[in-house]
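Student: My questions all concern the structure below.
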Amino acid sequence: MEVAVKNLSRRSLLGASASAVVVAAAAADTASAETAVRGGQSGYALADDGHRIYYETYGRRSGAPIVLLHGGVMAIESAWGPDFIRRFSRTRRVIAVEQQAHGHTGDRAGAPITYERMADDTKAVLDHLGVERADFFGHSMGGAISVLMAIRHPDRTRNVTALSCGYRTDGMLPELVEMNRNPQHQPSPELIPLLPTQQDFEAWSATYARVSPDGAAGLQNVLAKLGALINSWPGYTEDQLRGIRTPVLLGMGDRDFITAEHFARMASLIPEAQYAVLPGTTHMSILQRGDWLERMMAARFAV
């Protein structure tokens, strides 16, 4: 069983009723969950379809907040707990969101995971907290959501830092594209060091078992839905990227899941976007480059 989970995880990652009165009351309440980092506050916001979206907040309440958007299968704790919440909350307000079927946010039964839905759910958290505009910091799936916020909700988006994401699936390494098309494909020795480790998957599985409203089975469910998302996503059009007016910073590792050519093309399409390829860095270890990223963001956005 462990092998099956491991293989499915690697394919799928690459790459996301109560009455209205009762739900609304629950959404307004502070969540009982322990936050990823001590000192935070947690709660649920209502999406436009009534789905409850989990969030955590940290730091001071004044000024434009930064919204953290995790990658596929990850959660606030695994993506941001080790570094970025503490790093950013020293000087500003931090809002971290868990997307559909991730962390404390349950799945929508029978409904797919889509980037449009996740962007709208993120906007719902801003609405719930009374935040007019925010900076967005996203990794992988969360990076793609951050870019979509600049496309779909530009009036709510002050700036975007998007890590390790492309604008089309065919921008991934060719072998990763093949892995998504062919479930029987086994990763090559060259690819294996770039993938999440078995330790990563065990930690994510433990998180689902501990906090997911869908229980431990939620992990298999989200893996299947993320696989469908990757295989069906049309990407963002070049015209959509050219239409972005939000300041954008893009970052990837030199051993990431996407090609450098695709990444450079994406940066060239977004007006005045800046991008960096971080040396000695994979899709996962870019989350350990907080010092570099913080300096790059300060230079790009003067924050």
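FYI, it's all coordinate maths here, none of it is from the lab. Note that this is a predicted model, so its numbers are computed, not measured. Cβ sites come from the backbone with ideal geometry, for glycine too, and all protein chains shown count toward neighbours.
Student: For the chain, report the convex hull volume of the alpha-carbon atoms normalised per residue, in Å³, without decimals.
Tutor: Output value, Cα hull per residue: 123 Å³.
Student: I want to make sure I understand the PRE zone here: with the label point 7 angstrom from the Cα of Trp292 toward its beta carbon, which residues in region 149-182 have backbone N atoms less than 18 Å away?
Tutor: 161-166
Student: Hey, if you put +1 on the Cβ of every Lys and Arg and -1 on every Asp and Glu Cβ in region 2-301, which of Met179, Pro189, Gln41 ends up farthest toward the positive end of that dipole?
Tutor: The residue sitting most towards the positive pole is Gln41.
Student: Calculated FRET efficiency, Gln186 and Arg133, Cβ-Cβ r, R0 35 Å, to nearest 0.05?
Tutor: 0.15
Student: Another one. Decide, for region 229-290, between rounded, prolate and oblate: order the square roots of the alpha carbon gyration tensor eigenvalues as a ≥ b ≥ c, take rounded if a/c falls under 1.5, and otherwise choose prolate if a/b is larger than b/c, else oblate.
Tutor: Values: a/c = 2.15, a/b = 1.36, b/c = 1.58.
Oblate.
Student: Using r as the Cβ-Cβ distance of Arg87 and Glu34, and R0 as 25 Å, what FRET efficiency do you calculate, to the nearest 0.05?
Tutor: With R0 = 25 Å, the Cβ-Cβ based efficiency is 0.80.
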